[in-house]
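The values are calculated or read from the model by the stated rules, or taken from the named source; none is laboratory data. Predicted model, so just to flag it, every value in this text is computed and none were measured. In this analysis, Cβ positions are derived from the backbone assuming ideal geometry, glycine residues included, and neighbour counts consider all displayed protein chains.
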Amino acid sequence: MKIASKGIENGRICDKFGSKGEQFTPGGMPSYSIPFEIHDAPEGTRSFALIFEDPDAIPVCGFSWIHWIAANVKETSVPENISISDLGMVQGVNSYHSCASELSPEEAIGYGGPAPPDGPHMYDLKVFALDIELDLKRGFRLNEMMKKMRGHVLAHARVSAVYSPR
């Protein structure tokens, strides 16, 4: 399985998908989600789960910053800004609700784009092909999704790219 994104050019995430973009939540979170395509999903795939994270945030805040988690994605072509309308997927809480940020859990559901505070960061978009749909409710946490995925991952893929601060 492979994933690719038209929101990544020459190894860099396009500005509009993060803090240099033009769409933000009332709490100031970048909310224009990055598009991606899934290729060669294995036979038996019933849904996809995704994690978009910033492991370069560990020295800054002490943990890998979760920018987007979603489950029960059915489409292999996920258009930009889909986080706003869900496309039938269920979305979880990102790290904009954490000890390092101020948003409420409800404000931090869905896509929270890159906004590195200290220099360029490398971001990972990981997609998992699953043999089931996950029993998760809107606002779930990453650990809940990971537990439900155990024993059901048919394949996974990752694409990585850089985003720089303003």
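List the strands (runs of 3 or more DSSP E) inside the range 63-166, counting only whole elements, that have at least 2 residues being touching a His at 6+ places or on another chain (Cβ under 9 Å), in contact (Cβ under 8 Å) with a residue 60 or more places away in the chain and under 19 Å from Ile3 (Cβ atoms).
By residue number, 121-130, 153-163.
Could you check the range 2-23 and list, in sequence order, the residues that are of a type outside the set (A, V, I, L, M, F, W, C), within 18 Å of Arg166 (Cα to Cα) and in a strand (DSSP E or B)?
Glu9, Arg12
Any chance you could count how many residues in the range 99-120 are surrounded by 12 or more Cβ atoms within 10 Å (Cβ to Cβ), among the hydrophobic types (A, V, I, L, M, F, W, C) and modelled with pLDDT under 95?
The total comes to 2.
Before we move on, is Ile13 under 20 Å from Ala129 (Cβ atoms), under 14 Å from the mean Cα position of the chain (by Cα) and modelled with pLDDT of 95 or more?
no
Quickly run through the range 69-88 and pick out the residues that are surrounded by 22 or more Cβ atoms within 10 Å (Cβ to Cβ) and under 19 Å from Lys148 (Cβ atoms).
Across the range 69-88, the qualifying residues are Ile69, Ala70, Ala71, Val73.
In the range 121-166, which residues are within 21 Å of Pro59 (Cα to Cα) and surrounded by 20 or more Cβ atoms within 10 Å (Cβ to Cβ)?
His121, Tyr123, Leu125, Ala161, Tyr163
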